[in-house]
């Protein structure tokens, strides 16, 4: 069975890079299909993380969803941390680490009130 990455409809700036990270760096997901579901739900209303061929990012309250947590994180950061832990991404990849930090800040609306520095990467 082919792999499927599911995120919520109208994905935001942590769902999209979460998909990219899995497809780019995890060989099992290089050709994965992408599916959408209403925010907070799962594909076909199945139990999240119950099928190894279906991964939910930024929805479904599974391992790559941050909405059930008060931690400063996002779906893309959770995928990134998983990829580092599993050895698919080097922990010292500064460019990727900096990108994920920006994804997380965007998901927490830092662009609206915490980004006054004109010389930043943003």
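The values are calculated or read from the model by the stated rules, or taken from the named source; none is laboratory data. Everything quoted here is computed from the prediction, not taken from an experiment. Cβ coordinates were reconstructed from backbone atoms using ideal geometry, including for glycine residues, and neighbour counts include every protein chain displayed.
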Going through 52, 117 one at a time, which residue ends up being on the phi < 0 side of the Ramachandran plot, surrounded by fewer than 18 Cβ atoms within 10 Å (Cβ to Cβ) and at pLDDT 85 or above?
52
The number of residues in region 74-90 that are in a loop (DSSP other than H, G, I, E, B) and either at positive phi or under 10 Å from the mean Cα position of the chain (by Cα) (or both) is 2
Are there any pairs, at least 6 apart or on different chains, whose C-beta atoms fall under 6 Å, with the first in region 16-28 and free of Cβ contacts under 8 Å to residues at least 24 places away in the same chain and the second assigned to a helix (DSSP H, G or I), and if so, which?
23/29
Residues of region 4-22 being crowded, with 18+ Cβ neighbours inside 10 Å, in a helix (DSSP H, G or I) and at pLDDT 95 or above, in sequence order, are 17, 18, 19, 21, 22
Residue 105: over 22 Å from residue 39 (Cα atoms) and free of Cβ contacts under 8 Å to residues at least 24 places away in the same chain, yes or no?
no
Looking at region 33-49, which of its residues are surrounded by fewer than 19 Cβ atoms within 10 Å (Cβ to Cβ), in contact with a strand residue (DSSP E or B) (Cβ under 6 Å, 6 or more places away or on another chain) and assigned to a loop (DSSP other than H, G, I, E, B)?
39
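Go through region 1-15 and count every residue that is over 13 Å from the mean Cα position of the chain (by Cα), within 15 Å of residue 59 (Cβ to Cβ) and touching a residue at least 40 places away in the same chain (Cβ under 8 Å).
Adding up the residues that qualify gives 1.
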Restrict the check to region 59-75 and report whether at least one residue is in contact with a helix residue (DSSP H, G or I) (Cβ under 6 Å, 6 or more places away or on another chain) and modelled with pLDDT of 95 or more.
no
